Amino acid sequence: MVSKRVSDIETSVIHEMSRLAGMVDDPAMLSWAKPTTGTPGHIDEGAIEAIQKGLTSGYSTSQGLPVLREAIVEKLKRDNNIEADVSEIIVTVGAIEGLSAAVMALVDPGDEVLTPSPNYSTHIQQIQLANGVPVFVRTVEEENFRLDIDSFKQAITPRTKAFLFCSPCNPTGAVFDEDTLRAVADICMDHDITVITDESYEYFVFDGNRHFSIASIPGMKEHSVSTFTFTKTYAMTGWRIGYMVAGKEMVPQLQKVHIPFAICAPVVSQYAALAALKGSQDCIAEFGEHYLKARNLVCERLDRVPHVFSYQRPQGSYCMFPKIEIEGEKDSLAFSKKLLLEGRVSTTPGVAFGPSGEGHLRLTFCCPEETINKAFDRIEEFYPG
Ligand SMILES: Cc1ncc(COP(=O)(O)O)c(C=O)c1O
């Protein structure tokens, strides 16, 4: 018999929607949250060279290749203002394994983990897998899904162990600003709450918004586990490579989870990651420009269908979370299914992203502009104004 812990987790509607999309002829996909671009050539070459030199068939040290961790330390200092030592880095199987390890290391059964609503559905499942209780904190939709600090304070109980969030956010595109994160840091230090960050979209922020890493605040590295990934930054989804940084005392505890979960991250991917960090960084700006153009196009197209959706302009990531405006059609799963099966546009129902997600759809714009236009041509035809 399957454990209660696992059987209690509902099958993700995201996977159900992917299955249905496979049954539709040429759907316009606004539901994939992975870069459609390939990994830049110099990164592939770094991996190929390592294979040819016979460096990739064994395990690395479980924390990751020292040379890669040194490059990560440099990057954290340069781009995140985080001072770390190589001993404080663990290279992981994508950000996801780091997040799972962090939650598992911190949460006892019944412990509460604060998390914004809406939030990335996998975070919610990670809390549930550790037998933790997700406690949702309100975000203010009309103000670009800003984290509501009063609700954050009110949600704290003696069982609160951690706060888990992503910024820039999947699904809303919100970027939590420095003042908000400084307020969060003060509260968490006062209440001994560990902050778990998912900074997967750190480089993709628009309109002058800035990504801020909470572990850059003096004293916060010791109160947080910060996770990062190569998946989005370098279009390396399938390589499954990321890393986390935490305080000296936390790292051996994280290692106790990381080793039974993974032993070490794939070594070939560690060499690819090294090539990514050491090589030209131009691809990041190129991807960012592409996402910005795509974001602008989706917003322009949404402006033409105000009878179907209202929306907040995403500040970062390549996701957004429009609200369904059609009376009687606010059930997001039913709406998303209908739009897919009858309108041939694939989206993700908002209900997958926490209690306040209902009544919304997640749209992703990490796709060619023609896909966005095809999707909205079909939406305009399906819901004429
Ligand atoms: C917020 C967020 N975190 C993590 C991931 C996955 O990251 P990785 O591929 O590094 O495990 C995704 C992918 O869509 C994401 O949107």
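What follows draws every value from the coordinates through simple rules; no lab data is involved. Please read these numbers as outputs of a predicted model, since none were measured by experiment. Ideal geometry is used to build each Cβ from the backbone, glycine not excepted, and the neighbour counts take in all protein chains shown.
Straight-distance candidates among the aspartates and glutamates for linking to K278, with alpha-carbon spacing under 16 Å and chain neighbours fewer than 8 residues away dropped: D44, E45, E49, E70, E74, D79. Near V133, the amide H atoms lying under 5 Å from its own belong to G110, D111, E112, V113; only residues 5 or more places off or on other chains count, and H is placed 1.01 Å from N. For the stretch 61-171, the Kirkwood radius over C-alpha pairs fed into Stokes-Einstein at 37 °C and 0.692 mPa s yields D = 211 µm² per second.
Using helices alone, I'd like the mean residue ellipticity at 222 nm for the chain: each DSSP H run of four-plus residues gives -39500 (n - 2.57), total over residue count, nearest 500. Mind dumping the intermediate values first?
Numbers: 13 runs with 153 residues, N = 385.
About -12500 deg cm²/dmol.
Against the chain, whose longest principal axis comes from its Cα atoms, helix 66-80 is set at around 50 degrees. The residue among G247, S60, T194 whose Cα reaches farthest toward the positive pole of the charge dipole of the stretch 42-278, with charges on the beta-carbon of Lys, Arg, Asp and Glu, is S60.
Around the amide H of V225, modelled in the peptide plane, lie the amide H atoms of V195, I196, T197, all under 5 Å away and 5 or more residues distant in sequence or on another chain.
Straight-line cross-link reach from K248 at under 16 Å between alpha-carbon atoms covers these lysines, not counting any fewer than eight positions away in the same chain: K221, K256. With respect to the chain, whose longest principal axis is taken over its alpha-carbon atoms, helix 332-341 is tilted by about 70°. About the centre of its Cα atoms, the stretch 264-336 shows a dipole size close to 160 debye [charges on the beta carbon of Lys, Arg (+1) and Asp, Glu (-1) only; nearest 20 debye]. Inter-label distance, E380 to K77: 5.3 nm, where each label sits 7 Å from its Cα along the C-beta direction.
Largest first, the extents of the alpha carbon coordinates of the chain on the three principal axes equal 59, 53, 51 Å. Candidate cross-link partners of K323 among the lysines, defined by an alpha-carbon separation under 28 Å and a same-chain spacing of 8 or more, comprise K34, K153, K232, K293, K337, K338, K374. An ellipsoid equivalent to the stretch 1-50, defined through the eigenvalues of its Cα gyration tensor, has semi-axes of 33, 22, 9 Å when rounded to whole angstrom and sorted largest first. Annotation note: GluC sites (Glu not before Pro) in the stretch 1-106 located in DSSP loop regions with a Cβ neighbour count of at most 12 within 10 Å are E10.
Think of each Lys and Arg Cβ as +1 and each Asp and Glu Cβ as -1; about the Cα centre, that makes the dipole of the chain roughly 740 debye. Out of P266, T347, A185, whose Cα points farthest toward the positive end of the dipole of the chain (charges: +1 Lys, Arg; -1 Asp, Glu; placed on Cβ)? Final value for the positive-end residue is P266. Residues in the stretch 87-101 carry Karplus couplings, in order, of 6, 9, 10, 10, 7, 10, 7, x, 4, 4, 5, x, 5, 4, 5 Hz; the curve used is 6.51 cos²θ - 1.76 cosθ + 1.60 with θ = phi - 60°, and Gly or Pro positions show x. Measure nothing but the geometry: give the 0 to 90° angle between the long axis through the Cα atoms of 41-52 and the longest principal axis through the Cα atoms of the chain, rounded to 10°. Compared with the principal axis, the helix lies near 40 degrees.
Between D26 and R313, take the C-beta separation as r, use R0 = 30 Å, and let me know the FRET efficiency to the nearest 0.05.
Details: r = 29 Å, r/R0 = 0.97.
Calculated transfer efficiency: 0.55.
Shown here for the stretch 39-110: trypsin sites (Lys or Arg not before Pro) in loop regions (DSSP other than H, G, I, E, B) with at most 16 other Cβ atoms within 10 Å, namely K53. Note on the stretch 276-360: Kirkwood radius taken over Cα pairs, Stokes-Einstein applied at 37 °C and 0.692 mPa s, translational D equal to 225 µm² s⁻¹.
Extension gain, R19 to S7: 0.36 nm times the residue separation minus the Cα-Cα distance gives 2.3 nm.
For the stretch 299-328 versus the stretch 1-49, the inter-centroid distance based on Cα atoms is 23 Å. Here the calculated FRET efficiency for T61 and E327, from their Cβ-Cβ distance with R0 = 56 Å, stands at 0.45, rounded to the nearest 0.05.
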